[in-house]
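Quick note: the coordinates plus some simple rules give every number you see, no bench work behind them. Bear in mind that the values here come from a model prediction, so they are computed numbers and not experimental data. FYI the Cβ positions are ideal-geometry reconstructions off the backbone, even for glycines, and counts take in every protein chain you see.
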């Protein structure tokens, strides 16, 4: 059973920078996992933020960026704003056509 | 703009089959992969499975024995059947269109299905 791990929660001050990570219980995340990131506010469907590890989805502000950091995928928010307070999920693609969601990170901006 | 709309019963009895349909508008179902995702209230997201417009499928191994996803390209829609449901299958169910980059590009608004007698 593949487990994709994320930090349970993160707090950041307005204007601050935070980096969320997306790792594997066994092994390293690479570009071949086509990591994507989604933002979800309560009562809403997830909103795509990043695809193919580092490409921003249409309409996503450039304060959101994706990368590989060490052996994990990462989502960095530079200059956090109040409206960034949400749950964030990563998704990894695996050979054979399987997708696994991360456990999610709740971000608080205060 | 592509739009997806889930439809189906909001209440299903234990041991019965959950059936949902996703109707696609603003674009063709052809040449894309389409997934079902679910989220129990207050919990995380889970990929259920996908179908290609031609009919090939792939399912989450943890649900594979109970899931069938089908497509009706002539009606621009695809469907989910999940059999032998229990309370653990209570969730918001989303239908999603994949991008060419293996991401989940367009999402329906989701529909809550409750399993209860």
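Give the dimensionless ratio obtained when the Cα radius of gyration of chain A is divided by 2.2 N^0.38 Å.
For chain A, the normalised Cα radius of gyration comes out at 1.00.
Among A:83, B:6, which comes first, second and so on when ranked by fewest other beta-carbon atoms within 10 Å? Write out the running numbers ahead of the final one.
Working: A:83 10, B:6 21.
In increasing order of surrounding Cβ atoms, one gets A:83, B:6.
Quick one: if you take sqrt(5λ) for each eigenvalue of the C-alpha gyration tensor of region A:5-46, what semi-axes come out, biggest first, whole angstrom? Present the calculation step by step, with values, prior to reporting the outcome.
Values: eigenvalues 101, 48, 23 Å².
Result for region A:5-46: semi-axes of 23, 16, 11 Å.
Over chain A, with a Gaussian network built from C-alpha contacts below 10 Å, which listed residue (A:70, A:59, A:79) shows the highest mean-square fluctuation?
A:59
How high is the FRET efficiency from residue B:72 to residue B:1, r the C-beta distance, R0 25 Å, rounded to 0.05?
0.70
Could you line up A:56, B:102 from fewest to most neighbouring Cβ atoms inside 10 Å?
On the way: A:56 17, B:102 20.
Lowest to highest Cβ neighbour count: A:56, B:102.
Using the count of nearby Cβ atoms within 10 Å as a rough guide to exposure, how do A:62, A:84 rank from fewest to most?
The fewest-first ordering by Cβ neighbours comes to A:62, A:84.
Average partner chain C-beta neighbours within 10 Å, per residue of B:87-98?
Mean partner shielding for this stretch: 1.
If you take the Cα atoms of region B:71-117, find Rg, then find the Kirkwood Rh from the mean of 1/r over all pairs, what is Rg/Rh?
Result: Rg/Rh = 1.05.
What average count of beta carbons from other chains do you get within 10 Å of the Cβ of residues in B:43-54?
Going residue by residue through B:43-54 and averaging, the value is 3.
Please find the FRET efficiency linking residue B:100 to residue B:65, where r is the Cβ-Cβ separation and R0 is fixed at 30 Å, and quote it to the nearest 0.05. Kindly include the intermediate steps, with their values, before the conclusion.
Details: r = 30 Å, r/R0 = 1.01.
According to the calculation, E is roughly 0.50.
Grab the Cα-Cα distance for residue B:112 and residue B:21, subtract it from 0.36 nm times how many residues apart they are, and report the gain in nm with one decimal.
The span from residue B:112 to residue B:21 would gain 31.5 nm if fully extended.
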